[in-house]
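Worksheet for the structure shown next.
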Amino acid sequence: MASQEVLIEIEPWEERVAIREAGVLSEFALERPGDVPRVGSVYRGRIVGLLTSVGAALVDIGEGDSAFLPLRNSETEEVQAAHRGDAVLVQVTKRPLGGKRAQVTRQISLAGRYVVLMPGGSPLKISRRIADEAERARLEAVLASLRPPDAGLVARTAALGRTAEMIAPDLKALQVEWERIAKLAIDAPVPSCLRVAPPLRVRALRDMCGPGVERIRLSGDDGGALLAFARDRYPDLAGAIERDPQGGLFWRTGLEAELEQLFERRVFLKSGGSLVFDFTEALTVVDVNSGRPFEEGSPEETALRTNLEAAQEIPRQLKLRGIGGIIVVDFIDMPNPEHQKQMMEVLEAALRHDRVKTQVAVLSPLGVVEMTRKRVDDTPYHHLTEMCPTCGGRGRTLAPATLVIQVARKVLRLIREGGREPVTVRVHPRLGVLLREDSHLLEASLHDQGRANIVIADDASLPYEQFRVTAAEG
């Protein structure tokens with residue numbers, strides 16, 4: 001496994017974590033103080049509504065709108081019983097996002113570094129990323145020897161090669177945490193929060209630090225709490241933590257510049273090609289381009305070289321951007337079956353480094369690969385972006401000539417309806433420049449009506465595509 005460097009920057013307004021593997025940015029996450037409810041937090045809530053048509057309920061957890069609680073078991077299709085007014089113990093699985101409610105579950109799960117404890121659950125499971133059958137069998141025996149009564153256990157990827165003696169303290173800490181939650185749930189008011197999910201810095205140690213981590217650079221004062229936590233829970237990581245007193249860690253290490261490019265539509269490849277990301281309501285489309293004429297080697301060799309680099313880079317971009325759902329990749333066409341096989345092997349190998357599950361379909365005859373990646377909440381994309389207030393999510397704005405004509409039509413309509421001079425056109429300053437340059441259109445609009453008095457007023461508070469046309473009063 002490549003060497004890892006973890007960079008944690010704690011600021012009053014934001015907490016950020018970045019991971020570099022062999023010097024290349026591979027993961028990025030951020031969290032802001034107002035981000036509630038956090039995924040993993042546990043609440044005692046009350047059912048306030050039933051959605052029988054979709055097999056779900058609405059639960060008041062005391063955080064904004066009522067949360068969405070699926071009642072249908074995805075494996076058995078059995079619908080759990082629920083009644084309005086019932087008090088329920090639930091855990092947040094998805095934050096409210098894009099107008100959707102937070103989602104919760106009755107199946108509580110507490111994650112440690114090596115195992116996940118599922119109170120009331122029954123299965124013993126092994127991380128799908130542990131492929132060796134002998135190791136899977138060994139870990140299953142370890143879990144069976146440690147398993148508490150009436151609880152399920154999942155061995156995480158970090159449990160690879162760990163003995164029962166190494167895993168036991170991690171499990172014990174989770175059992176203590178569950179006992180505290182269960183005790184609080186007896187008399188806690190409804191609604192109330194019984195367990196706040198740990199902050200990003202703690203989750204980074206728990207979930208993002210692999211066996212190849214060489215150092216963890218911590219910038220920003222947390223009072224030494226993270227180091228104390230690591231010494232208590234993850235002593236193998238405590239020695240790698242370095243306190244950075246200077247501040248501006250991301251800026252000094254060049255990460256700030258990398259992150260500024262994170263959501264550019266086009267990503268350039270070293271081969272000279274590029275990836276172009278386009279988003280729709282239903283799916284994400286990635287187009288692979290060679291980018292320049294074939295100068296070295298045959299067209300087939302250039303296509304293979306570009307596709308292989310794209311197959312490595314696309315999974316990294318999916319992780320960094322937090323892209324989920326249906327993903328369609330249009331690779332450069334390669335008629336050679338051996339080249340196609342080689343590309344798919346590289347793509348699937350790169351995807352295995354992603355903790356988020358991704359399913360890949362076969363390469364279509366048109367050179368298109370379809371994938372589905374589990375949607376992940378709290379992604380940097382959702383924190384750092386919002387829908388464009390000008391284009392409304394279309395991804396394009398109206399052409400200058402179109403806007404000028406729209407203004408001219410609005411002015412003409414107002415005059416025909418009896419509007420008095422002067423006619424005032426209030427616009428964004430950029431549109432104001434265009435209107436003054438194309439003033440003949442407005443003048444022509446009024447000439448036919450025997451009018452000529454138009455005032456163009458700049459208003460920086462207006463979006464570029466919006467404008468207001470008013471006539472004088474009286």
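Inside the stretch 22-37, can you point out the residues that are within 25 Å of Glu177 (Cα to Cα), open to solvent by 60 Å² or more (accessible area, probe 1.4 Å) and either among the β-branched types (Val, Ile, Thr) or in contact with a strand residue (DSSP E or B) (Cβ under 8 Å, 6 or more places away or on another chain) (or both)?
Arg32, Val36
Taking interchain pairs and intrachain pairs at least six residues apart, which have beta carbon atoms under 6 angstrom, with the first residue in the stretch 11-37 and over 16 Å from Cys209 (Cα atoms) and the second β-branched (Val, Ile, Thr)?
Pro37/Val92
Among strands (runs of 3 or more DSSP E) lying entirely in the stretch 121-234, which contain 3 or more residues that are touching a residue at least 40 places away in the same chain (Cβ under 8 Å) and more than 30 Å from Leu320 (Cβ to Cβ)? Walk me through it before giving the result.
Details: elements: 124-126, 151-155, 192-195, 213-219.
It comes to 192-195.
Could you say whether any residue in the stretch 399-415 is assigned to a loop (DSSP other than H, G, I, E, B) and open to solvent by 40 Å² or more (accessible area, probe 1.4 Å)?
Kept after step one, since they are assigned to a loop (DSSP other than H, G, I, E, B), are these residues of the stretch 399-415: 399.
Retained after the next criterion (residues that are open to solvent by 40 Å² or more (accessible area, probe 1.4 Å)): 399.
For the stretch 399-415, residues assigned to a loop (DSSP other than H, G, I, E, B) and open to solvent by 40 Å² or more (accessible area, probe 1.4 Å): present.
Which of the residues spanning the stretch 39-59 are in contact (Cβ under 8 Å) with a residue 24 or more places away in the chain, more than 21 Å from the chain's Cα centre (by Cα) and open to solvent by less than 50 Å² (accessible area, probe 1.4 Å)? Reasoning before the result, please.
Our first condition is that a residue be in contact (Cβ under 8 Å) with a residue 24 or more places away in the chain; within the stretch 39-59, this holds for 39-50, 55, 57-59.
Those left that are additionally more than 21 Å from the chain's Cα centre (by Cα): 42-50, 55, 57-59.
Scanning the stretch 39-59 gives Val42, Tyr43, Gly45, Ile47, Gly49, Gly55, Ala57, Leu58, Val59.
Condition check ((1) within 20 Å of Gln107 (Cβ to Cβ); (2) open to solvent by 50 Å² or more (accessible area, probe 1.4 Å); (3) at pLDDT below 95) across all residues:
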{"residue": "Leu184", "(1), (2), (3)": "yes, yes, no"}
{"residue": "Pro198", "(1), (2), (3)": "yes, no, yes"}
{"residue": "Leu205", "(1), (2), (3)": "no, no, yes"}
{"residue": "Gly210", "(1), (2), (3)": "no, no, yes"}
{"residue": "Arg215", "(1), (2), (3)": "no, yes, yes"}
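Out of (1) open to solvent by less than 60 Å² (accessible area, probe 1.4 Å); (2) out of contact with any helix residue (DSSP H, G or I) (no Cβ under 9 Å at 6 or more places or on another chain); (3) in contact (Cβ under 8 Å) with a residue 60 or more places away in the chain; (4) closer than 22 Å to Arg180 by Cβ, what's the single condition that is false for Val88?
(3)
If only one of Val17, Val48, Val39 is part of a strand (DSSP E or B), under 18 Å from Ala197 (Cβ atoms) and modelled with pLDDT of 90 or more, which one is it? Reasoning before the result, please.
Details: Val48 fails: under 18 Å from Ala197 (Cβ atoms); Val39 fails: part of a strand (DSSP E or B).
Among Val17, Val48, Val39, only Val17 is part of a strand (DSSP E or B), under 18 Å from Ala197 (Cβ atoms) and modelled with pLDDT of 90 or more.
Take the residues in the stretch 107-139 that are basic (Lys, Arg) and more than 24 Å from the chain's Cα centre (by Cα), then tell me which one is most open to solvent (accessible area, probe 1.4 Å). Outline the logic, then answer.
Residues of the stretch 107-139 basic (Lys, Arg): 113, 125, 128-129, 136, 138.
Still in the running and more than 24 Å from the chain's Cα centre (by Cα): 125, 136, 138.
Working: Lys125: 98, Arg136: 61, Arg138: 78 Å².
Looking at the filtered set, the residue picked out is Lys125.
Which of the following residues is open to solvent by less than 50 Å² (accessible area, probe 1.4 Å) and out of contact with any helix residue (DSSP H, G or I) (no Cβ under 7 Å at 6 or more places or on another chain): Gly152, Gly99, Gly64?
On the way: Gly99 fails: open to solvent by less than 50 Å² (accessible area, probe 1.4 Å); Gly64 fails: open to solvent by less than 50 Å² (accessible area, probe 1.4 Å).
Among Gly152, Gly99, Gly64, only Gly152 is open to solvent by less than 50 Å² (accessible area, probe 1.4 Å) and out of contact with any helix residue (DSSP H, G or I) (no Cβ under 7 Å at 6 or more places or on another chain).
The values are calculated or read from the model by the stated rules, or taken from the named source; none is laboratory data. Please read all numbers here as calculations on a predicted model, not as lab measurements. In this analysis, Cβ positions are derived from the backbone assuming ideal geometry, glycine residues included, and neighbour counts consider all displayed protein chains. When the accessible area is computed, the model is the full protein with side chains, heavy atoms only, and any ligands, DNA or RNA have been set aside. Shrake-Rupley method; radii C 1.70, N 1.55, O 1.52, S 1.80 Å.
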